[in-house]
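Below you'll find the structure, written out as structure tokens, and then a few comments.
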Amino acid sequence: MDVVQQLISQHGYFAIYGLLALGIIGLPIPDEVMMTFVGYLSSISVLNCQGALLVSFLGSMTGMLVSYYIGRKIGRPFLDKYGKWLRLTPARLKRTERWFLRYGPWTLLIAYFIPGIRHLASYFSGMSGMNQRKYLLFACVGAFSWCSFFIGFGYFIGVLA
């Protein structure tokens with residue numbers, strides 16, 4: 001977390017955008033802690049709250065879109081070839097795909113608040129062939145809700161401190 005704090009302190013909004021995009025794609029970046037820290041920095045006027053929310057939302061959506069397109073282009077062939085090593089049989093993949101086509105949009109909203117699941121939801125959205133407009137709608141609502149919640153939480157902590 002110290003590295004993340006230093007990057008945000010030195011590079012501000014650029015670091016927030018890049019770290020969130022990479023974190024949503026799946027790199028081990030403590031997204032929730034980072035967003036809370038961004039909210040705290042906003043409360044002590046180091047960052048502009050609206051600017052931090054906008055940059056966080058854009059970084060999050062960039063990560064979600066990259067994940068969606070990776071899932072759409074190479075996700076299924078990759079899992080067909082290497083899924084057996086992950087214990088994903090063709091039957092399990094088919095069941096997951098059917099479930100995701102039915103509940104996928106709502107999963108995107110909820111998945112933002114569950115570490116690990118957030119990363120997989122976009123890949124499965126792309127792999128299952130979810131309509132791009134529907135994906136964008138639900139991903140945007142989820143990203144905005146998630147960013148607002150954690151930045152607001154950090155801001156609240158900063159006000160109390």
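Where a number appears in this text, it was derived from the coordinates with a stated rule and is not lab data. No experiment lies behind these values; they were computed from the predicted model shown. Neighbour counts run over all protein chains shown; Cβ positions are idealised from the backbone, glycine included.
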Counting only C-alpha contacts under 8 Å and six or more residues apart, can you give the relative contact order of the chain as a whole percent?
34
Reachable aspartates and glutamates, given that their alpha-carbon falls under 19 Å from the alpha-carbon of LYS134 and they are not under 8 places away in the same chain:
GLU97
By the gyration tensor of its Cα atoms, with a ≥ b ≥ c the square roots of the eigenvalues, what is the shape of the stretch 70-161: rounded for a/c under 1.5, prolate for a/b over b/c, or oblate?
prolate
In Å, the Kirkwood hydrodynamic radius from C-alpha pairs for the stretch 1-51 sits at 10.9
Tabulate in residue order the Karplus-calculated ³J(HN,Hα) for the stretch 80-85, using 6.51 cos²θ - 1.76 cosθ + 1.60 with θ = phi - 60°, rounded to whole Hz; enter x for Gly and Pro.
4, 7, 10, x, 4, 6
Scoring only Lys, Arg, Asp and Glu (+1, +1, -1, -1) among other residues with Cβ under 9 Å from the Cβ of PHE150 yields -2
Stretch LEU54-SER148 to full length: gain in nm at 0.36 nm per residue minus the Cα-Cα span?
32.9 nm
Mean projection of the alpha-carbon convex hull of the chain over all orientations, in nm²?
9.5
Cross-link candidates for LYS84: which lysines have Cα within less than 29 Å, leaving aside residues fewer than 8 places away along the same chain?
LYS73, LYS94
Can you give the relative contact order of the stretch 11-62 as a percent, counting alpha carbon pairs under 8 Å and 6+ residues apart?
51
